[in-house]
1. Taking the conditions exactly as written (in contact with a Gly (Cβ under 9 Å, 6 or more places away or on another chain) and at pLDDT 90 or above), does Ala119 satisfy them or not?
2. Does region 41-80 hold any residues that are within 12 Å of the chain's Cα centre (by Cα) and at pLDDT 90 or above, and which are they?
3. What about Glu84, is it over 15 Å from Val10 (Cβ atoms) and touching a residue at least 40 places away in the same chain (Cβ under 8 Å)?
4. Mind checking which residues of region 116-136 are more than 27 Å from Lys72 (Cβ to Cβ) and surrounded by 12 or more Cβ atoms within 10 Å (Cβ to Cβ)?
5. In this structure, does Phe76 turn out to be touching a Leu at 6+ places or on another chain (Cβ under 9 Å) and within 30 Å of Lys136 (Cα to Cα)?
6. What are the residue pairs meeting all of these: first residue in region 47-65, first residue farther than 15 Å from Ile85 by Cα, second residue open to solvent by less than 50 Å² (accessible area, probe 1.4 Å) and at pLDDT 90 or above, Cβ atoms under 8 Å, and 6 or more apart or on different chains?
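The values are calculated or read from the model by the stated rules, or taken from the named source; none is laboratory data. Computed from a prediction, not measured in an experiment: that's the story for all the values here. Reconstructed Cβ throughout: ideal geometry from the backbone, glycine too, with neighbour counts over all protein chains shown. Quick note on the areas: whole protein, heavy atoms, side chains included, nothing else; ligands and nucleic acids left out. Shrake-Rupley method; radii C 1.70, N 1.55, O 1.52, S 1.80 Å.
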Amino acid sequence: MGGAFGSPIVSDDNFNVHGTFMQMAKADYQRQKMSQSMMTEKLAWLDDHVDDQLAAIASFTHEVAAKLATIKQPYFIAQGTRDEIINPNSGKRLAEVLIGHNAQFHEYDAGHMLTVNGAHHQLEEDLISFLKENNK
């Protein structure tokens, strides 16, 4: 079994991932009530390193996309309709590529962080159901 949660495997749409990630990191640090000096230090480190990580992720997703036709096992796809980091149509595009490959596409009225936002309970239920259904 395999799957993707909010992952642009077949989409090369250029969203402002760097900028949005930095905004989300800052908001998270503020929620943690982190000191201004610590937040500035952490944000500077992220700003210097996030593009390398994004390039590594892009490289990996291109490798995965090149092998999608070989997928034979069930595949779970989850996508937030209000994803602010990647194109919200990415999951749908992946599902279209995997038609006939036992893929399940689940869409949630939520942003990018499906595992921790308001969609996480439904995602959890859907994933457990998928695993039970495909682990017989």
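1. Judged against the criteria, Ala119 is a match.
2. Result: Ile77, Ala78, Gln79, Gly80.
3. It is true that Glu84 is over 15 Å from Val10 (Cβ atoms) and touching a residue at least 40 places away in the same chain (Cβ under 8 Å).
4. Residues satisfying the conditions are Asn117, Gly118, Ala119, His120, Gln122.
5. Spelling it out, Phe76 is indeed touching a Leu at 6+ places or on another chain (Cβ under 9 Å) and within 30 Å of Lys136 (Cα to Cα).
6. Partner pairs satisfying both residue conditions: Asp47/Met22.
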